[in-house]
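Beneath this line is the structure, given in C-alpha cells, with notes to follow.
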Amino acid sequence: MTNLNRDIATSILFVVGLWGFISGQFIISTVLFASATVLSNIMPKTKLN
C-alpha cells in the first residue's frame with residue numbers, strides 16, 4: 001500500500017469514526033478509530049529506494 005493510499009484510508013476511517021461517535025454509535029466508532037490507528041502507526045511503511 002502506498003503512502004497516499006494509506007493516508008486516504010486513514011482519513012476516511014477517522015472521519016467515519018468521528019461521525020459514528022457524534023451519532024452515538026460508540027462501539028462502531030471505537031472499531032473505526034482502532035483500525036485507523038493500526039493502519040497509520042502499526043502497519044509497516046513502504047521504503048522508497
(message) With the requirement that a residue be among the polar types (S, T, N, Q) and in contact (Cβ under 8 Å) with a residue 12 or more places away in the chain, what does the stretch 12-29 give you?
(response) 29
(request) Filter the stretch 5-24 for residues that are in contact with a Phe, Trp or Tyr (Cβ under 9 Å, 6 or more places away or on another chain) and surrounded by fewer than 16 Cβ atoms within 10 Å (Cβ to Cβ) and give the result. (result) 18, 21
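Laboratory data are not the source of any read-out in this text; all were calculated from the coordinates shown. If you're wondering where the values come from, they're calculated on a predicted model, not measured in any experiment. Here Cβ is always computed from backbone atoms with ideal geometry, including for glycine, and neighbour counts include all displayed protein chains.
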